[in-house]
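Shown next, in C-alpha cells, is the structure this report addresses.
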Amino acid sequence: MRVIKQYSPRKLVFGPGCASNLVTDVSGRELKRIFLITAPVLRNVIDPIMDTLKTAGISIEIDDSIVDEPTFDTLGDCLEKAASFEANGVIGIGGGSVLDVAKAVAGLHGGSQKIREVIGNGLLTGRSTYLACLPTTSGTGSEISPNAIFADESDNLKKAIISSFIVPDTVFVDPVLTASVPPHITAACGIDALSHCMEAFTNKFAHPLIDGYAYKGMSLIGKSLRRAVKDGNDIQARTDVALGSMLGGMCLGPVNTTAVHALAYPLQGEFKKSHGLSISVMLSHVMDFNIEANVEKYALVAEALGVELSKNTRAMANQSVVAACQLSIDCGVPQTLSEIGIPSDAIDELARQAMTVTRLLDNNPREINESDARKIFERAY
C-alpha cells in the first residue's frame, strides 16, 4: 500500500445555515482588511454576509470579475487588486472557479513567488494570508482540495497549482447557499462531483482510506442529485449533494482524477465549455473504456449508485456505466459532443491535447494512448 498525504482545512464547518459563523471566525482573528472574491450573480448571496462583516469593523474590497473558467491572467489581475488593497485576508464565496482564484491569491499574496513559478505540484513555498472558502455550488470540491485549476492562455491547456498551502484555513459548506443555483448548473456540477468520487475509487492508485470517502460520495449524489435538480429548495437533497461534493474534494489531493478529467480538459480550453458540462459528456464513455481494467471496483460503483446486486461481477460493472448515464439523462445533461456543439473534425486535436495531461492519465486504471483517446472521443460524438 502506497503512502498518501491528506491535507485538510484547520476548521471545517458543515450544515445548513453555517455560513453565519464566518463573521465570528474572521473577527476572532483580528482581520481588518478582507479581499472578497465572488461572482456577480452572487451579490444577493453575499450582501448579508458583507453587511455583517462591515458592522464588525472590517474593511472589504470585492472582486466579482469571475464569470468564466479562470485564466492565469484573471489570477494576475486579482493579485494586483489584493496587493493594492493591502489585504490581510482572502475570502472566496462562489463556485469552483471563484474558489480556485481565491486559493491562489491567498497563496501568492504578500510573497515573492510569481504565478509561473508555482504551476505544478508542490512548488508554492508558503502562505501568510488568511483564507476562507464558502462554496455556492456542489461540484468541484475546491473548498477542501489542494488544487487550483486555470486555463493557460498561451496554449489553451488547463494547468494546476497544487499545494498544501492553498488548502483554506476555514471552510463553511452551507447547503443553503446552493439553493438558488439553476437546475442545469446543479446537474452538471453534481455529475462533476460524482466523477471525482468515481475516478478516485477506480484509480490505479486508489487507497482504502479514500475509498470510503469516494463510495459514500457516490451514494449520496446518486441518491439525491435528481431531487436537487428538480427542486432547488429541497435542502435535504442539497445537503446530500453538498456532502458528496465535499467528500469528492477530499479525494482529489491524495488520489486525484483520471482520464475522464484529462479528456474533458481540451473541451474547456479549446471550446470554452464549462468544466461540469465537459465532465458530464465524457464520464460514461471513459468509464466504458476503463471497466475491463478494474471490474470489481466498477461493480461497487454500480452498487453505490443503487443498482440491484448481482452475482455476475462483470454484468454489475457494466451497469455502472448505465447508471451514471441514466443519472445524467434524468438530470438533463447532454451526453454527446455533438449536443454541445463540438465539430467532428476537432477530434484529432482533442485527442492530442488530452495526451498532454499526463498527471491525470498516469492515474487511469487502464493505459490510454492517443489512438485510444481518439476512439473515446469518436464514441462520445
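The values are calculated or read from the model by the stated rules, or taken from the named source; none is laboratory data. This is a predicted model, so every value here is computed, not measured. Ideal geometry is used to build each Cβ from the backbone, glycine not excepted, and the neighbour counts take in all protein chains shown.
A few comments on the model shown:
- Looking only at region 95-133, and only at residues there that are under 20 Å from S59 (Cα atoms) and among the small types (G, A, S), the one that is surrounded by the fewest Cβ atoms within 10 Å (Cβ to Cβ): S128
- Leading residue by the ranking (farthest from G276 (Cα to Cα)) among those in region 65-93 that are acidic (D, E) and modelled with pLDDT of 95 or more: E86
- The residues listed here are Q268, Q236, Q319; of these, the one that is surrounded by fewer than 24 Cβ atoms within 10 Å (Cβ to Cβ) and under 25 Å from I149 (Cα atoms) is Q268.
- Within region 21-30, considering residues that are in contact (Cβ under 8 Å) with a residue 12 or more places away in the chain and closer than 10 Å to A56 by Cβ, the one surrounded by the most Cβ atoms within 10 Å (Cβ to Cβ): V26
- Residue check for E61: outside any helix (DSSP H, G or I), surrounded by fewer than 23 Cβ atoms within 10 Å (Cβ to Cβ), in contact (Cβ under 8 Å) with a residue 60 or more places away in the chain and not assigned by TED's automatic domain parsing to the domain that holds L263: no
- Taken over region 167-196, residues that are within 28 Å of R359 (Cβ to Cβ), surrounded by 24 or more Cβ atoms within 10 Å (Cβ to Cβ) and touching a strand residue (DSSP E or B) at 6+ places or on another chain (Cβ under 6 Å) amount to 3.
- All helices (runs of 4 or more DSSP H) inside region 193-281 with 1 or more residues being more than 27 Å from E308 (Cα to Cα) and assigned by TED's automatic domain parsing to the domain that holds S344: 235-252, 259-271
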